[in-house]
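Only the coordinates and a few stated rules stand behind these numbers; no lab work does. Owing to the predicted nature of the structure, the values given are computational and were not obtained by experimental measurement. Virtual Cβ from ideal backbone geometry, glycine too; neighbours counted across all protein chains shown.
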Amino acid sequence: MEDLQTIARKYLNMLPKGSAMPLPQILVENSPESDWNGIAIWEPKREIKGTVKIQKRCMDDTRTVERLIAHEICHHWQHYRIYEEGEGGVHRSGHSPASYWYAAAQIINELEGDDNFITEESDASYVTKNDKQFYVMIMKNGKHEYGWIWFSRVTERLRRQLEEIIRAVPVAIVKTDRDAFLSSNAKLPRIAIPSEEDESMSALLAATYDMYARKYSEVELPNALINAKTMG
Ligand SMILES: [Zn+2]
C-alpha cells in the first residue's frame, strides 16, 4: 500500500484547485468501540488546520483505506473552501447534493470509474472484506508473465482502453470478489504484473488465464462482461 499522505494527495489533486491546497495531517486511531471508520476535522486555530483520522481496524484492506481517505479528502476540500476561502454557507456542508462534499465525491467517482467508490456511508459502515464482485481481465505479457487489471464499472474512457487490449491479445475475463486482485496498481487503466516473489499471484493468474483466455473482438466486449464467469 502507498503511504497515507500519497493516497490523500492523489485524491486531493483530482479536485479543482486541490493541488494548491495543503494536505491534512493523517492519523491512524485505534478506538475499537467507535462507530466511525474515518473522520475529517477542521481546527481553524491550529497551524495544520485539517486532520483526517482513520481507524486502525480498517488498515488491512488497501481498497477500504483508499475509499476512506478519498471520502475524508472530500470533506477536507469542503472545509477548505467554506472556512479558508469563505466560499459558502451552511448548505455547502454535510453530504447533501448541494454540498461541496457531494460535488467532490462525484468528481473522484467519475475518475475512478466507480459510482460506489465514495458513498455517504463509506466512512461509517465497517467493511474489512470486500463483499462486492468486480471484473478481472488477465493477459499474457511475455512468455511466462501475466498482467492483470480490475474494474467494477466501465466508463467510455475505460472502455476504449479495454478495447485496445482485446484487439491486441487474448484475455481472460472473470468476475470475482477475491481480494488478491484488488491491488491499486492494477486498477484500470493501470496494468499490474506480480512481483517476482509473489508466486501465488503468478500461479493464480496463470491458472485463470489457462482456463478462460480467448480472443475477443470489440463488439463482443459488452457480452463478454455480462457473461463473465464467476470465480470464487
Ligand atoms: Zn462524510
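In this Cβ point-charge picture (+1 for Lys and Arg, -1 for Asp and Glu), the range 18-127 has a dipole of about 380 debye about its Cα centre. Each Lys and Arg contributes +1 and each Asp and Glu -1, all at the Cβ; summed about the Cα centre of the chain, the dipole is approximately 520 debye.
Roughly what % antiparallel, to the nearest 5, for the DSSP beta bridges in the chain?
Beta bridges within the chain, antiparallel portion: roughly 70 percent.
Here the range 22-63 is treated with +1 on each Lys and Arg Cβ and -1 on each Asp and Glu Cβ, and its dipole about the Cα centre works out to around 180 debye.
Restricting the range 160-207 to GluC sites (Glu not before Pro) that sit in a DSSP loop and have at most 10 other Cβ atoms within 10 Å of their own Cβ leaves E196, E197. Sketch the reach of a paramagnetic label on N223 as a point 7 Å from Cα along Cα-to-Cβ, and name the residues of the range 155-177 whose backbone nitrogen lies under 16 Å away. Counting only backbone N, you get 173. When shorter helices are ignored and each DSSP H run of at least 4 residues is given -39500 (n - 2.57), the per-residue value for the chain at 222 nm works out to -10000 deg cm²/dmol. Among the GluC sites (Glu not before Pro) found in the range 1-66, those both in a DSSP coil and sparsely packed, with 16 or fewer other Cβ atoms within 10 Å of their Cβ, are E2, E33, E47.
Please identify the longest segment of the chain free of exposed trypsin sites (Lys or Arg not before Pro), where exposed means a DSSP state other than H, G, I, E or B and no more than 16 other Cβ atoms within 10 Å. Free of exposed loop sites, the longest segment is 47-128. Potential lengthening of the chain between A20 and H91 amounts to 23.1 nm, from the contour at 0.36 nm per residue minus the alpha-carbon distance. Out of I138, S217, L182, whose Cα points farthest toward the positive end of the dipole of the chain (charges: +1 Lys, Arg; -1 Asp, Glu; placed on Cβ)? Farthest along the dipole direction, towards plus: S217. Reported to the nearest whole Å, the Cα centre-to-centre distance from the range 218-232 to the range 48-64 is 35. Beyond a 26 Å Cα-Cα separation, which of these cross-linked pairs lie in this structure: K56/K140; K10/K215; K10/K140; K132/K187; K10/K229; K187/K229? The answer is K56/K140; K10/K215; K10/K140; K10/K229.
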